[in-house]
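Derivation of every value follows stated rules applied to the coordinates shown; laboratory data play no part. The shown structure was predicted, so the numbers you read here are calculated from the model rather than taken from an experiment. Quick reminder, even Gly has a Cβ in these numbers, built from the backbone with ideal geometry, and neighbours come from all protein chains shown.
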Amino acid sequence: MKTIRSLLGYTIAGILVMAVWGQLTAAGGIFGGYLASTILIGPLWFMNHYLNLVDNKDDAAWVDMGLAIGVCGIFRDTFLNGANSLFNSLPTIGIVIVGAVLGGLVAAAVEKDMARDSVIQNDSLQGQHAPEPGATQEEELKLSEGGN
């Protein structure tokens with residue numbers, strides 16, 4: 001059921017943004033973009049994340065609505081304009097993937113450094129070993145006790 005809820009939330013986000021964003025920015029320019037982000041992304045985020053329509057783990061990173069909206073946009077243009085639109089978007093998709101990988105590496109390095117600082121300042125459960133990024137309290141307790 002969680003998968004169906006997630007699919008429904010992502011579909012609603014992708015379809016609404018692809019249907020309305022362009023008209024708002026065409027009519028209002030930059031202000032239309034701000035208006036679109038306020039009346040679309042805000043309520044969609046509230047529905048998907050605050051009301052927990054989509055299944056997100058507490059310790060996992062996610063870029064779900066952006067990915068759903070991007071996939072919806074790619075397939076919308078492919079269906080409307082043919083396969084050539086998909087092939088023309090591949091260089092952009094490749095650059096986005098490279099940026100996502102680099103962003104993930106930087107985020108992991110920053111999180112690990114913050115965890116190391118936290119251990120040094122607070123003398124956490126693990127003493128001199130920094131917790132692994134994303135570790136739950138139970139996992140930290142296991143590590144401090146020397147368990148696997």
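Roughly speaking, what is the stretch gain from Leu86 to Lys2, that is 0.36 nm per residue apart minus the C-alpha to C-alpha distance, in nm to one decimal?
27.2 nm
Please rank Glu111, Glu145, fewest neighbouring Cβ atoms within 10 Å first, as an exposure proxy.
Glu145, Glu111
For a quick check: sort Tyr34, Tyr10 by the number of other beta carbons within 10 angstrom, fewest at the front.
Tyr34, Tyr10
Hey, can you grab everything whose amide H is under 5 Å from the amide H of Asp55? Only 5+ residues off in sequence or another chain; H modelled, so Pro and N-termini drop out.
Ser6
Please compute the modelled spin-label separation between Arg116 and Val96, points set 7 Å along Cα→Cβ, answer in nm with one decimal.
3.4 nm
Any idea how far apart Val20 and Ile39 come out in nm if each label point goes 7 Å out from Cα toward Cβ?
0.7 nm
Testing the spin-label approximation: label points 7 Å from Cα along Cα→Cβ at Thr11 and Glu145. State their distance in nm.
Calculated label separation equals 4.5 nm.
Given the Cα-Cα distance of His49 and Asp77 and 0.36 nm per residue of separation, how much length would full extension add, in nm?
7.3 nm
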